[in-house]
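The values are calculated or read from the model by the stated rules, or taken from the named source; none is laboratory data. Note that this is a predicted model, so its numbers are computed, not measured. Cβ atoms come from the backbone with ideal geometry, glycine included; neighbour counts cover every protein chain shown. SASA here: full protein model, heavy atoms, side chains in, ligands and nucleic acids out. Shrake-Rupley method; radii C 1.70, N 1.55, O 1.52, S 1.80 Å.
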Amino acid sequence: MGMTMTQKILAAHAGLEKVEAGQLIEADLDLVLANDITGPVAIHEVEKLNKKTVFDKDKIALVPDHFTPNKDIKSAEHCKCVREYAYAQGITNYFELGEVGIEHALLPEKGLIVAGETCIGADSHTCTYGALGAFSTGVGSTDMGAGMITGKAWFKVPSAIKFVLTGKPKEWVSGKDVILHIIGMIGVDGALYRSMEFVGDGIKNLSMDDRFTIANMAIEAGAKNGIFPVDELTEEYMKEHSTKSYTKYEADEDAVYDETYTIDLSALEPTVAFPHLPENTKTVAESGDIKIDQVVIGSCTNGRIEDLRIAAKVLEGKHVAKGMRCIVIPATQKIYLQAVDEGLVHTFIHAGAIVSTPTCGPCLGGHMGILASGERAVSTTNRNFVGRMGHIDSEIYLASPAVAAASAITGKLSQPSDLGL
Amino acid sequence: MKANGTVFKYGDNVDTDVIIPARYLNSSDGNELAKYCMEDIDKDFAKKVQKGDIIVANKNFGCGSSREHAPLAIKCAGVSCVIAETFARIFYRNAINIGLPIIECPEAAKGIEAGDNVEVDFDSGMIYNKTKGTQFQGQAFPPFMQNIIKSGGLMNYINAKEEE
């Protein structure tokens, strides 16, 4: 019986020739990540360990991105805790305001993670790096702390679901629509404890930014990780962003999958997840008349340059609806600058949107765009749970940047075709 | 080791945003977090919960964010055990790592109602519904995880292993 892509990476990092689903292993880690919310808890936990120094100061990333720029005194204290620890331990990849961006956009951009590596992060969306053909998964602060000191983590080897992607998405259909469609199909626990492995000739029609978005939301189906094979586009991305050497893994031909789904990308339509679960999906066309108060375009899911280009293409020469609050958040400083250079920021501001410095902010109801009771947002973020972005009586509709931008213009849930685009 | 208490019952997909909303994550103090535990799904939970009480839920308990603040808030609120049909995987690891006892048992999740008095025997994995006079066999942890729990959490386990 062969191994899946994920199983091969785990076996290699556990020093084993072969692993099977359900086996408990200890794997070496190539990257260990925390942010300003989970970092302080991890730093407090590692105080309990006899060994006090980190396993490798180059293989740890501390990224204060959630409540930064510091939203209040308590958050400022958390950031201070992370900063002081990073300096005391000589951690190379600590990112201060001015360098910092949303962690899951920042780390691939900085070339800190490449194909074939293993990564744990005290943030559930750490699964994003599966887009590069790495094994990466979210953990809690204690696991992160242990990994930061020992360089190892225990895993139960997951079984996998295979998603065969075929065809080419239509215009205005992106990675977000693909993953929302999949979560709608299998449910928020449809991949619980398992890997989601994406294969098929349709992948060549998905940009790296599309793949990051898809892998990012694997956790929203309960998955341990989501992973893509390495193709020319992946290699091009890694060569552009990283000096690290990488390893390509492919699943064995006789690898066993719990289930296989085939998805024709050309058949997908702009999709939206209704409150209060990412599995409550409909196409925008069948959504009906939903008035919207706020639009958020950004986050680790959809704050990359291509997302901003799509949003700007929709907003170009138009204006957001009267009373609409449209918040655009480039995920990193590099993306922000690129958006300035390409004139996208000009387009956003002329259209009546605001452009914020990189932060997770509104996605988790932290700051920079909290919802009042009864308000509705179309958001390119990843969760629409009760109270996620503010009041428990507010509502979040998850969608792509194209749908979010179109909705900002009309003031109701819309897609670019509603604007004649 | 045993737990005994009154049950608070919830449905499917109880996410970590409702267990402890992000607006409180500017604190990492368990006792502070416990004051707001379950606030967005059960407003009076923190007032009503007594030391030893038990949470019972259906599938995918603890889905969403990786925040360890969620099991920590539940533990510090005084909850002695969480029983669910299934747990989200990060919550499952976090609960073991911080020493919050959890048991997967679909039958118990179905056969226990809010307000029932329930006893859990962690050694055998048996769950007794004393109110209804029924019992359920929960899934015991694999030995590796039992060792983490017996050591008093992941950090102590790592220290002990190092000394071996």
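Table for the structure above
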read-out	value
Residue that is surrounded by the most Cβ atoms within 10 Å (Cβ to Cβ), among those in region B:20-29 that are farther than 21 Å from B:Phe61 by Cβ and at the interface with another protein chain (Cβ under 7 Å from one of its Cβ atoms)	B:Ser28
Hey, A:Thr332 under 22 Å from A:Leu107 (Cα atoms), within 14 Å of another protein chain (Cβ to nearest Cβ) and within 24 Å of the chain's Cα centre (by Cα) or not	no
Flag if A:Arg309 is open to solvent by 10 Å² or more (accessible area, probe 1.4 Å), in contact with a strand residue (DSSP E or B) (Cβ under 8 Å, 6 or more places away or on another chain) and charged (D, E, K, R)	no
Region A:121-136 residues that are away from chain B (no Cβ under 14 Å), paired with ones that are open to solvent by 10 Å² or more (accessible area, probe 1.4 Å) and not in a helix (DSSP H, G or I) (beta carbon under 6 Å, 6 or more apart)	A:Gly133/A:Val230; A:Ala134/A:Glu117
Single match in A:Leu62, A:Leu16 (criterion: of a type outside the set (Ser, Thr, Tyr), more than 14 Å from chain B (Cβ to nearest Cβ), free of Cβ contacts under 8 Å to residues at least 40 places away in the same chain and surrounded by fewer than 22 Cβ atoms within 10 Å (Cβ to Cβ))	A:Leu16
Pairs where the first residue, in region A:371-384, is touching a residue at least 40 places away in the same chain (Cβ under 8 Å) and open to solvent by 10 Å² or more (accessible area, probe 1.4 Å) and the second is assigned to a loop (DSSP other than H, G, I, E, B) and among the polar types (S, T, N, Q), C-beta under 6 Å, 6+ apart	A:Glu375/A:Ser394
Residue that is under 19 Å from A:Val157 (Cα atoms) and over 27 Å from the mean Cα position of the chain (by Cα), where the choices are A:Lys18, A:Lys48, A:Lys52	A:Lys18
Test: A:Gly390 is more than 18 Å from A:Asp293 (Cα to Cα) and either free of Cβ contacts under 8 Å to residues at least 24 places away in the same chain or within 14 Å of another protein chain (Cβ to nearest Cβ) (or both)	no
Identity of the residue in region A:68-84, in contact (Cβ under 8 Å) with a residue 24 or more places away in the chain and crowded, with 18+ Cβ neighbours inside 10 Å, that ends up farthest from the chain's Cα centre (by Cα)	A:Cys81
Filtered residues of region B:30-57 (kept if in a loop (DSSP other than H, G, I, E, B), surrounded by fewer than 24 Cβ atoms within 10 Å (Cβ to Cβ) and more than 10 Å from every other protein chain (Cβ to nearest Cβ))	B:Lys35, B:Tyr36, B:Asp42, B:Asp44, B:Val49, B:Gln50, B:Lys51, B:Gly52, B:Asp53
Matching option when the condition is at pLDDT 95 or above and crowded, with 21+ Cβ neighbours inside 10 Å, among B:Glu85, B:Glu107, B:Glu68, B:Glu113	B:Glu68
Candidate set from region A:30-48 (those that are more than 16 Å from A:His66 (Cα to Cα), among the β-branched types (Val, Ile, Thr) and touching a strand residue (DSSP E or B) at 6+ places or on another chain (Cβ under 9 Å)); member that is nearest to the other protein chains (Cβ to nearest Cβ)	A:Ile43
Some residue of region A:79-86 being among the aromatic types (Phe, Trp, Tyr) and within 13 Å of another protein chain (Cβ to nearest Cβ)	no
Residues being open to solvent by 10 Å² or more (accessible area, probe 1.4 Å) and not aliphatic (A, V, I, L, M) - total across region A:85-124	15
Breaking point among (1) of a type outside the set (Lys, Arg); (2) surrounded by 18 or more Cβ atoms within 10 Å (Cβ to Cβ); (3) in contact with a Phe, Trp or Tyr (Cβ under 7 Å, 6 or more places away or on another chain); (4) not in a loop (DSSP other than H, G, I, E, B), for A:Tyr261	(2)
Unique residue being in contact with a Gly (Cβ under 6 Å, 6 or more places away or on another chain) and modelled with pLDDT of 95 or more when the list is A:Ile327, A:Ile354, A:Ile409	A:Ile327
A:Ser141 modelled with pLDDT of 95 or more, at the interface with chain B (Cβ under 8 Å from one of its Cβ atoms) and touching a strand residue (DSSP E or B) at 6+ places or on another chain (Cβ under 8 Å)	yes
Neighbours by Cβ (under 7 Å, 6+ apart or cross-chain): first from region B:136-164, within 11 Å of chain A (Cβ to nearest Cβ); second surrounded by fewer than 18 Cβ atoms within 10 Å (Cβ to Cβ) and hydroxyl-bearing (Ser, Thr, Tyr)	B:Tyr157/B:Ser151; B:Ala160/B:Ser151
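Conditions tested, residue by residue: (1) in contact with a His (Cβ under 9 Å, 6 or more places away or on another chain); (2) not hydrophobic (A, V, I, L, M, F, W, C).
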position: A:Gly366; (1), (2): yes, yes
position: A:Ala372; (1), (2): yes, no
position: A:Val386; (1), (2): yes, no
position: A:Gly390; (1), (2): no, yes
position: A:Glu395; (1), (2): yes, yes
position: A:Thr410; (1), (2): no, yes
position: A:Ser417; (1), (2): no, yes
